[in-house]
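Only one structure is covered here, and it is reproduced in the block below.
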Amino acid sequence: AATFAPRASTATKNPAVPGTALYTIFEVQGYASMLLGGALSFNLVFPSNEPDIWRLMGMWSIWMFTIPSLRARDCSSKEKEALNYLFLLVPLINVIIPFFVKSFAVVWSADTVAFFVMYAWKLGWLQRSE
(Lines give C-alpha, C1' and ligand atoms only; values in the text may rest on other atoms or scores of the structure.)
Protein backbone atom coordinates (compact mmCIF):
# COMPACT_ATOMS: atom_id res chain seq x y z
CA ALA A 1 0.00 0.00 0.00
CA ALA A 2 2.91 2.36 0.65
CA THR A 3 3.80 2.21 -3.04
CA PHE A 4 0.49 3.73 -4.09
CA ALA A 5 -0.20 5.87 -1.04
CA PRO A 6 3.15 6.85 0.46
CA ARG A 7 1.62 9.33 2.91
CA ALA A 8 -1.70 9.88 4.57
CA SER A 9 -3.97 12.28 2.74
CA THR A 10 -4.21 14.41 5.87
CA ALA A 11 -0.45 14.62 6.40
CA THR A 12 -0.33 18.15 4.99
CA LYS A 13 -2.53 21.12 5.83
CA ASN A 14 -5.39 21.92 3.47
CA PRO A 15 -4.15 24.79 1.24
CA ALA A 16 -7.69 26.20 0.87
CA VAL A 17 -7.65 28.22 4.09
CA PRO A 18 -9.78 31.34 4.58
CA GLY A 19 -8.28 34.36 2.86
CA THR A 20 -6.56 32.44 0.06
CA ALA A 21 -7.55 32.49 -3.58
CA LEU A 22 -8.20 28.73 -3.53
CA TYR A 23 -10.66 29.11 -0.65
CA THR A 24 -12.49 31.85 -2.55
CA ILE A 25 -12.56 29.78 -5.75
CA PHE A 26 -14.12 26.80 -3.95
CA GLU A 27 -16.67 29.02 -2.24
CA VAL A 28 -17.68 30.88 -5.41
CA GLN A 29 -17.79 27.61 -7.36
CA GLY A 30 -20.03 26.04 -4.72
CA TYR A 31 -22.62 28.79 -4.60
CA ALA A 32 -22.48 29.51 -8.35
CA SER A 33 -23.18 25.85 -9.10
CA MET A 34 -26.16 26.02 -6.75
CA LEU A 35 -27.56 29.03 -8.62
CA LEU A 36 -26.86 27.57 -12.06
CA GLY A 37 -28.45 24.29 -10.97
CA GLY A 38 -31.56 26.19 -9.95
CA ALA A 39 -31.71 27.95 -13.31
CA LEU A 40 -31.32 24.61 -15.09
CA SER A 41 -33.88 22.76 -12.98
CA PHE A 42 -36.42 25.59 -13.32
CA ASN A 43 -35.97 25.28 -17.12
CA LEU A 44 -34.59 28.81 -17.53
CA VAL A 45 -31.45 27.67 -19.37
CA PHE A 46 -31.92 25.48 -22.47
CA PRO A 47 -35.73 25.47 -22.11
CA SER A 48 -37.62 22.45 -23.40
CA ASN A 49 -40.99 20.82 -22.92
CA GLU A 50 -39.43 17.44 -22.19
CA PRO A 51 -37.32 16.19 -19.31
CA ASP A 52 -33.71 16.41 -20.47
CA ILE A 53 -30.17 16.03 -19.22
CA TRP A 54 -29.83 19.76 -18.42
CA ARG A 55 -32.73 19.74 -16.00
CA LEU A 56 -31.47 16.51 -14.47
CA MET A 57 -28.00 18.05 -14.03
CA GLY A 58 -29.63 21.07 -12.38
CA MET A 59 -31.51 18.85 -9.99
CA TRP A 60 -28.30 17.04 -8.95
CA SER A 61 -26.02 20.12 -9.01
CA ILE A 62 -26.04 20.63 -5.24
CA TRP A 63 -24.86 17.07 -4.64
CA MET A 64 -22.40 16.94 -7.56
CA PHE A 65 -20.81 20.37 -7.30
CA THR A 66 -21.91 22.54 -4.37
CA ILE A 67 -21.29 20.14 -1.48
CA PRO A 68 -17.90 18.85 -2.74
CA SER A 69 -16.70 22.40 -3.51
CA LEU A 70 -17.61 23.68 -0.07
CA ARG A 71 -16.23 20.58 1.62
CA ALA A 72 -12.86 20.98 -0.15
CA ARG A 73 -12.25 24.20 1.80
CA ASP A 74 -10.64 24.27 5.21
CA CYS A 75 -13.84 24.91 7.17
CA SER A 76 -14.96 24.38 10.75
CA SER A 77 -15.74 20.90 12.00
CA LYS A 78 -19.43 21.84 12.39
CA GLU A 79 -19.66 22.98 8.76
CA LYS A 80 -17.80 19.88 7.62
CA GLU A 81 -20.27 17.73 9.57
CA ALA A 82 -23.23 19.55 7.99
CA LEU A 83 -21.75 18.95 4.53
CA ASN A 84 -21.15 15.27 5.34
CA TYR A 85 -24.79 14.85 6.37
CA LEU A 86 -25.94 16.70 3.25
CA PHE A 87 -23.82 14.44 1.05
CA LEU A 88 -25.88 11.52 2.39
CA LEU A 89 -29.25 13.30 2.61
CA VAL A 90 -29.45 14.94 -0.83
CA PRO A 91 -29.42 11.66 -2.84
CA LEU A 92 -32.27 10.38 -0.67
CA ILE A 93 -34.25 13.54 -1.35
CA ASN A 94 -33.50 13.33 -5.08
CA VAL A 95 -34.66 9.72 -5.30
CA ILE A 96 -37.71 9.87 -3.01
CA ILE A 97 -39.40 13.11 -4.12
CA PRO A 98 -39.90 12.09 -7.80
CA PHE A 99 -42.14 9.24 -6.61
CA PHE A 100 -44.60 11.88 -5.40
CA VAL A 101 -43.92 15.00 -7.50
CA LYS A 102 -42.46 14.86 -10.99
CA SER A 103 -40.69 18.22 -10.96
CA PHE A 104 -36.99 18.99 -11.25
CA ALA A 105 -37.60 22.39 -9.67
CA VAL A 106 -39.30 20.89 -6.61
CA VAL A 107 -36.39 18.51 -6.07
CA TRP A 108 -33.81 21.30 -6.43
CA SER A 109 -35.86 23.46 -4.05
CA ALA A 110 -36.02 20.64 -1.50
CA ASP A 111 -32.24 20.21 -1.77
CA THR A 112 -31.75 23.93 -1.20
CA VAL A 113 -34.08 23.94 1.81
CA ALA A 114 -32.25 20.90 3.23
CA PHE A 115 -28.94 22.70 2.66
CA PHE A 116 -29.96 25.78 4.62
CA VAL A 117 -31.78 23.83 7.35
CA MET A 118 -28.73 21.62 7.88
CA TYR A 119 -26.45 24.68 8.06
CA ALA A 120 -28.85 26.41 10.47
CA TRP A 121 -28.96 23.33 12.67
CA LYS A 122 -25.26 22.45 12.68
CA LEU A 123 -23.90 26.00 12.78
CA GLY A 124 -26.48 27.21 15.29
CA TRP A 125 -27.82 30.07 13.18
CA LEU A 126 -31.15 30.07 14.99
CA GLN A 127 -29.82 29.73 18.52
CA ARG A 128 -30.00 32.72 20.80
CA SER A 129 -26.69 33.99 22.06
CA GLU A 130 -26.58 35.38 25.54
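The values are calculated or read from the model by the stated rules, or taken from the named source; none is laboratory data. Computed from a predicted structure; not experimentally measured. So basically every Cβ, Gly included, is an ideal-geometry build from the backbone, and we count neighbours across all protein chains shown.
If only residues of segment 28-77 that are surrounded by fewer than 20 Cβ atoms within 10 Å (Cβ to Cβ) and polar (S, T, N, Q) are counted, the one that is farthest from ALA16 (Cα to Cα) is ASN49. Annotation: of all residues in segment 87-100 being touching a helix residue (DSSP H, G or I) at 6+ places or on another chain (Cβ under 8 Å) and closer than 15 Å to MET59 by Cβ, the one that is surrounded by the most Cβ atoms within 10 Å (Cβ to Cβ) is VAL90.
Applying a threshold of 7 Å to beta carbon distances and a minimum spacing of six or more residues, or different chains, the list of pairs starting in segment 39-60 at a residue that is more than 22 Å from ILE96 (Cα to Cα) and ending at one that is surrounded by 17 or more Cβ atoms within 10 Å (Cβ to Cβ) reads VAL45/TRP54; PHE46/TRP54.
Suppose the filter is at pLDDT 90 or above and touching a Gly at 6+ places or on another chain (Cβ under 8 Å); does ILE62 pass it? Here the answer is yes, as ILE62 does meet what is asked.
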